[in-house]
Amino acid sequence: MVMVTYIEPNGSEQQIDVTEGWSLMQAAMSNGVEGIEAECGGSCACATCHCYVDEAWADRIPAAAENELAMLENVVAERRPTSRLSCQIKATADLDGLIVRMPDAQS
Ligand code: FES
């Protein structure tokens, strides 16, 4: 299990043990994290699973692929240097302790 802290738009925190190989989006949806919609179900086609990776972790997660970067053009909330699509980040042992924040809006 990979412990990930999700910070919801209102500042509430949820610590979730994510199964290795699951995406951050899957774990968020399964645990009722507020501030995520994931309309396309993880196909990198909706940009409603936008999250902000904590700055301390930004260089420790695999870089976004071209299709993710393209889809990040469509996020509704402010796009920041640490913006990612949570369906494209898979939980691995390296990410134990990761912190992600949900934006104010997804659609
Ligand atoms: S769930 Fe649609 S892009 Fe991530």
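Rule-based calculations on the coordinates, nothing more; no lab input. Source: prediction; values computed, not measured. Neighbour counts are summed over all protein chains in view; Cβ atoms, including those assigned to glycine, are modelled from backbone coordinates with ideal geometry.
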Checklist entry - Which shape class, rounded, prolate or oblate, goes with segment 2-101 when its Cα gyration tensor gives a ≥ b ≥ c as root eigenvalues, a/c under 1.5 marks rounded, and past that a/b bigger than b/c marks prolate? => result rounded
Checklist entry - Relative to the Cα centre, what is the charge dipole magnitude of the chain, using +1 at the beta carbon of each Lys and Arg, -1 at the beta carbon of each Asp and Glu, and rounding to the nearest 20 debye? => result 120 debye
Item to check | Check: segment 39-102 dipole with +1 on Lys, Arg Cβ and -1 on Asp, Glu Cβ, in debye | outcome: 80 debye
Item to check | Within a Gaussian network of the chain (alpha carbon springs, distance under 10 Å), most fluctuating of 68, 55, 37 | outcome: 55
